[in-house]
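Asks: Got a structure here, written out as structure tokens. Questions coming.
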Amino acid sequence: MTDCATCVVRNRAICASLNPAELAALGKMGRRQKVRQGQTLLWEGDGAPVVANVLEGVLKLVVSAADGREQIVGVVFPSDFIGRPFGKESPYSVTAMTDAEVCIFNRNNFDEFASSHPDLQQKLLRRTLDELDRARHWMMLLGRKSASEKVASFLLEMSERLSGQGCQSGARTGFELPFGRQQVADILGLTIETTSRQLTRMRADGVLDLPSRREIVINDRAAMEDMAG
């Protein structure tokens, strides 16, 4: 059982539309679960017995080719929803990129609860459409953009998803990536050398600063947007 009233993502997660009594009922069905870095929560093609809200950490969505090659098709953050409501199989694997915590529900129980709460169903629909938009953007990012455009686009998205974690001063936006450059390269389908070279070039051009290996400060957002295409 989880206390939804004190949930850190309460106002951003899909259950935000529920009233206190409904939250209490949903909380009785859920439980908090720690997920270690590298641990897989759902496997591509297998049954999808659970769904979950992300409370902390970052997880990746991965699809695999027949020869074992993997492609990251999405990244999820706190308040994002993972799993396949009203579905039987997972279309991708869900693996923790960092240590994470999720609020997890049995899918059948969650489906039954959602079926009797239209507001929650509408929230799920909106979240699904948002994910579809992100998937289309991701296809463009991976398939058609250059290395510099990929890195710039990724950093802009991270600055939006991780807003509030770093400094926000005028045109300068600071945040800390929850993972290293190798993982950034894996997400973008680049080598770590190419990724590091693009970051070094952006710093030399004054577009960003790199106070540490994971800290990013965007000095010129307009220039970054131009680089992202």
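Read-outs: derived from the displayed coordinates by stated rules, not from any lab. Just so it is clear, the structure is predicted and the values come from calculations on it, not from any experiment. Cβ placement follows ideal geometry from the backbone for every residue including glycine, while neighbour counts extend to all protein chains displayed.
Asks: Count the net charge of all other residues whose Cβ sits under 12 Å from the Cβ of Ser93, scoring Lys and Arg as +1 and Asp and Glu as -1.
Replies: So the environment of Ser93 carries a net charge of -3.
Asks: Then there is this: Hey, rough spin-label estimate for Asp111 and Thr40, points 7 angstrom out along Cα→Cβ, what's it come to in nanometres?
Replies: So the two model labels end up 2.2 nm from each other.
Asks: For the chain, just list the percent of Cα-Cα distances falling in each 10 Å bin from zero outward, please.
Replies: Bins of 10 Å from zero give 7, 30, 33, 21, 8, 0 percent of pairs.
Asks: Ordered by residue, what ³J(HN,Hα) values in Hz, to whole numbers, does the stretch 219-229 give under the Karplus form 6.51 cos²θ - 1.76 cosθ + 1.60, where θ = phi - 60° and Gly and Pro are x?
Replies: Residue by residue, the stretch 219-229 yields 7, 9, 5, 4, 5, 5, 5, 5, 5, 6, x Hz.
Asks: Where in the stretch 105-131 does the amide nitrogen come within less than 14 Å of the point 7 Å from the Cα of Gln33, taken along Cα to Cβ?
Replies: Only 105-110 fall inside the zone, counting backbone N under 14 Å.
Asks: With 10 angstrom as the radius, rank Cys7, Cys15 by how many other C-beta atoms surround their C-beta, starting from the fewest.
Replies: If I rank by nearby Cβ atoms, fewest first, I get Cys7, Cys15.
Asks: Mind checking the angle between helix 147-161 and the chain's longest principal axis? C-alpha axes, 0 to 90 degrees, to the nearest 10.
Replies: Here the helix axis deviates by roughly 50 degrees.
Asks: Name the residues whose placed amide hydrogens come within less than 5 Å of the amide hydrogen of Gly74, ignoring near sequence neighbours (fewer than 5 apart) on the same chain.
Replies: The list, which skips near neighbours in sequence, is Leu61.
Asks: What does the extension gain come out to for Met139 and Arg197, with contour length at 0.36 nm per residue minus their alpha carbon separation?
Replies: 18.6 nm
Asks: Would you mind checking which residues have amide H under 5 Å from Leu208's amide H? H placed 1.01 Å from N; only 5 or more apart, or other chain.
Replies: Arg203, Asn219
Asks: Report, in debye and to the nearest 20, how large the dipole of the chain comes out about its Cα centre when Lys and Arg carry +1 and Asp and Glu carry -1 on their Cβ.
Replies: So the magnitude is around 140 debye.
Asks: Using just the helices of the chain, give the 222 nm mean residue ellipticity in deg cm²/dmol: DSSP H runs with n ≥ 4 each add -39,500 (n - 2.57), and the total is spread over all residues, rounded to 500.
Replies: -12500 deg cm²/dmol
Asks: May I pose another question? DSSP loop trypsin sites (Lys or Arg not before Pro) in the stretch 1-47 with at most 15 other Cβ atoms within 10 Å of their Cβ, which ones?
Replies: Listed in order of number, the matching sites are Arg12, Arg36.
Asks: Angle check, please: helix 118-144 long axis (alpha carbons) against the longest principal axis of the chain (alpha carbons), in degrees 0 to 90, nearest 10.
Replies: 30 degrees
Asks: From the gyration tensor of the Cα coordinates in the stretch 16-76, what semi-axes in whole Å does the equivalent ellipsoid have, largest first, with each one equal to sqrt(5λ)?
Replies: 29, 13, 11
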